[in-house]
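Shown next, in structure tokens, is the structure this report addresses.
The values are calculated or read from the model by the stated rules, or taken from the named source; none is laboratory data. Remember, predicted model here, so these are calculated numbers, not experimental data. Because the Cβ atoms are built from the backbone with ideal geometry, glycine has one as well, and the counts that use them run over all protein chains shown.
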Amino acid sequence: MSETASLRDPAEPATGRKAFYITTPIYYVTAPPSIGNAYTTVAADMIARWHRQRQQPVWFLTGTDEHGQKVLTAAADNGVSPREWADRLVETEWKPVLGVIDASNDDFIRTTEPRHTERVREFWQAIYDAGDVYEGTYEGPYCIACEEFKLPAELLPGAGGVPLCPIHERPVEQLSEVNYFFALSRYADRLLELYESHPTFVQPESARNEVVSFVRQGLQDLSISRSSFDWGIPVPWDDKHVLYVWIDALLNYATAAGFGTDPRLFARTWPADVHLVGKDILRFHAVIWPAMLMAAGVDPPRQVFAHGWLQVGGQKMSKAKATAIHPSEIVDTFGSDAYRYYFLRAIAFGSDGSFSWEHMSAVYTSELANGLGNLASRVTSMVARYFSGSLPEPGDVGPADEALAGSLAETVAAAERAMDRLALQDAVAAVEGFVGAVNGYVTEQEPWKVAKDDSPQGRLRLATILYTAAESLRAVAVLHAAVMPRASQALWERLGAADQLGPLSEQSVAEAGTWGRLAPGAAVRKGDPLFPRLEPDAPA
Ligand code: MSP
């Protein structure tokens, strides 16, 4: 949970600044988390931390999706009730993994909690009462792995003519059930108006185009209940049915934010600023979810952003294909900071990307161990050696020193612009580019040679070089804090910045670009390497 003041605190005024509200999808409790699930959480966490670093109030939600046929089947396969299964996986896997990847979520919602189930029933009862729900028969294909009613045209041909789900490449079921339907088709025009009037509602552009053309083709009404099993929230007006898992799950974003329970929290959080989702679940979020909210008279979220798939060996990683990797497998070797850095830096957010141990090791070694880690170690150890650990007062600045200060201001502006469009990799790359520039500066200025010159001018030049490099690192600690919270904190302390400027969390991104914040006299010390070199037998 984050360190920021809880928006649930009654002392927090309902009329205060609206929090930047960001969510991850809630994850099915069918199996332990994979790096695919953790990818969304890490991305959301970077965005949440960046906004906190902008000194904005933030509300960051994640959680688990616990109803439906998929969870019911997983529990049955393991010989326990779905409730026991969900409790077990949440406590032993889904909550602990947040610690493994250093997620700073403010809340964790489980769809089996009464704060959710009760509000979901009220929500759907109201839509039923308003006349947007009717009884009908659903006949057609259903993919349990997606928990989705499919259109026959989107299926892939399988062996023996059995149609396959295009995402999971597994056979779909043919359902024939008397169900309740939500009149989704009535909302097509209003949805198109929403996409038109809020061009960034669905992002990136490729996702937006897909959604707009899907809705333009006309929408079918949506089956919102299931009657062939009972693991779900009972339909409030007919308890022989349970609500379809997706229309229960989507509501988590509102129920966890106090919808119907905590008007103060809801006023400070809603509408959500960004729902981050994988592209596999885009339509649920960009079509069904806003239509549900329109039917209930609640504002839609501000943005749904779809990222790509993590692939292993050229295919979407999947538990069924045994290509799933648990985040701990990577964090145990590289640490959580490097884990976060790699996925945010190496994959363009919004596109598919591949994970490989070789690439991970290469990025770690070149950019973290030899890059930032080596720079921090060189600069802090030279201040320790040549100035007894007290940051020296710089002398007159020359073009090379000025260029670095200018490059910092540009880096902050570029990172901010990138974060505004959720081009996470560009924001990380901007900071990494600056680290490269500082490393280049130190290499070119050769302070170890200047140190041999004992004259007053020599001492002054050495002071200027080391001050310039340390002050640059002060900014890097702030700018990398959202990506690598641990290393940034360590760097902040080693530069003596905590004593002078206060906690890292209180440094604003905007001020990070102001040159000269770290004052001479700061107590600098060399610590252990920020990114230890890999053991020779590390996975490569
Ligand atoms: N329970 C639904 C979401 C309900 S939200 C109201 C669900 N859960 S899931 O556990 O199957 O997947 C959730 C998310 O995990 C995906 O949308 C995606 O964000 C992420 N990923 C799972 N596998 C992934 C990859 N291989 N690559 C990238 N992200 C992936 O869908």
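Taken over the stretch 204-228, the criterion of being of a type in the set (Ser, Thr, Tyr) and farther than 22 Å from Phe305 by Cα is satisfied by Ser223, Ser225, Ser227, Ser228. The single residue among Thr41, Thr64 that is of a type in the set (Ser, Thr, Tyr) and in contact with a helix residue (DSSP H, G or I) (Cβ under 6 Å, 6 or more places away or on another chain) turns out to be Thr64. Among the residues of the stretch 284-313, those identified as touching a Lys or Arg at 6+ places or on another chain (Cβ under 6 Å) and more than 8 Å from the ligand (Cβ to nearest atom) are Met294, Ala306.
Residue check: Pro82 meets all listed conditions (1) closer than 30 Å to Asp426 by Cβ; (2) touching a residue at least 60 places away in the same chain (Cβ under 8 Å); (3) crowded, with 21+ Cβ neighbours inside 10 Å but one, namely (1). The single condition among (1) among the aliphatic types (A, V, I, L, M); (2) over 22 Å from Leu250 (Cα atoms); (3) surrounded by fewer than 21 Cβ atoms within 10 Å (Cβ to Cβ) that Met46 does not meet is (3). A Cβ distance below 9 Å, combined with a sequence gap of six or more or placement on separate chains, defines the contacts here; from the stretch 182-197, residues that are surrounded by fewer than 16 Cβ atoms within 10 Å (Cβ to Cβ) reach residues that are acidic (Asp, Glu) in the pairs Ser185/Asp221; Arg186/Asp132; Arg186/Asp221. Among residues of the stretch 471-484 that are outside the structural domain of Tyr342 (by TED's automatic domain parsing), those with a beta-carbon under 7 Å from a residue that is of a type outside the set (A, V, I, L, M) and not in a helix (DSSP H, G or I) at least six positions away or on a different chain give the pairs Glu471/Trp515; Glu471/Gly516; Arg474/Arg517; Ala475/Gly513; Val478/Gln507. In summary, strands (runs of 3 or more DSSP E) completely within the stretch 252-367 and bearing 3 or more residues that are closer than 20 Å to Val42 by Cβ and modelled with pLDDT under 95 occur at 310-312. For the criterion of being more than 21 Å from Ala512 (Cβ to Cβ) and touching a residue at least 40 places away in the same chain (Cβ under 8 Å), Asp454 fails. Restricting attention to the stretch 91-125, the residues being of a type in the set (Val, Ile, Thr), crowded, with 19+ Cβ neighbours inside 10 Å and within 19 Å of the chain's Cα centre (by Cα) number 3. Residues in the stretch 76-111 that are assigned to a helix (DSSP H, G or I) and touching an Asp or Glu at 6+ places or on another chain (Cβ under 7 Å): Ala86 alone. Kindly indicate whether any position in the stretch 223-235 is buried (at least 22 other Cβ atoms within 10 Å of the Cβ), within 11 Å of the ligand (Cβ to nearest atom), of a type in the set (Ser, Thr, Tyr) and assigned by TED's automatic domain parsing to the domain that holds Leu192. Within the stretch 223-235, none of the residues are buried (at least 22 other Cβ atoms within 10 Å of the Cβ), within 11 Å of the ligand (Cβ to nearest atom), of a type in the set (Ser, Thr, Tyr) and assigned by TED's automatic domain parsing to the domain that holds Leu192.
For beta carbons closer than 9 Å, sequence separation of 6+ or different chains, a first residue in the stretch 29-47 that is at negative phi and a second that is assigned to a helix (DSSP H, G or I) and near the ligand (Cβ under 7 Å from one of its atoms), there are no qualifying pairs. In the set (1) away from the ligand (no atom under 16 Å from the Cβ); (2) within 18 Å of the chain's Cα centre (by Cα), the condition left unmet by Ile281 is number (1). Kindly indicate whether Asp248 is within 12 Å of the ligand (Cβ to nearest atom) and either in contact with a Ser or Thr (Cβ under 7 Å, 6 or more places away or on another chain) or in a loop (DSSP other than H, G, I, E, B) (or both). Yes: the conditions hold for Asp248.
Quick one: is Ala159 buried (at least 18 other Cβ atoms within 10 Å of the Cβ) and over 30 Å from Asp239 (Cβ atoms)? Here the answer is no, as Ala159 does not meet what is asked. Restrict the check to the stretch 200-220 and report whether at least one residue is more than 16 Å from the ligand (Cβ to nearest atom), assigned by TED's automatic domain parsing to the domain that holds Glu135 and on the phi > 0 side of the Ramachandran plot. Yes, the stretch 200-220 contains a residue that is more than 16 Å from the ligand (Cβ to nearest atom), assigned by TED's automatic domain parsing to the domain that holds Glu135 and on the phi > 0 side of the Ramachandran plot. For first residues located in the stretch 155-178 and part of a loop (DSSP other than H, G, I, E, B), partners that are loosely packed, with under 15 Cβ neighbours inside 10 Å and lie 6+ apart or on another chain with Cβ distances below 7 Å form the pairs Leu155/Pro166; Pro166/Glu154; Pro166/Leu156; His168/Ala320; Glu169/Leu156; Arg170/Ala320.
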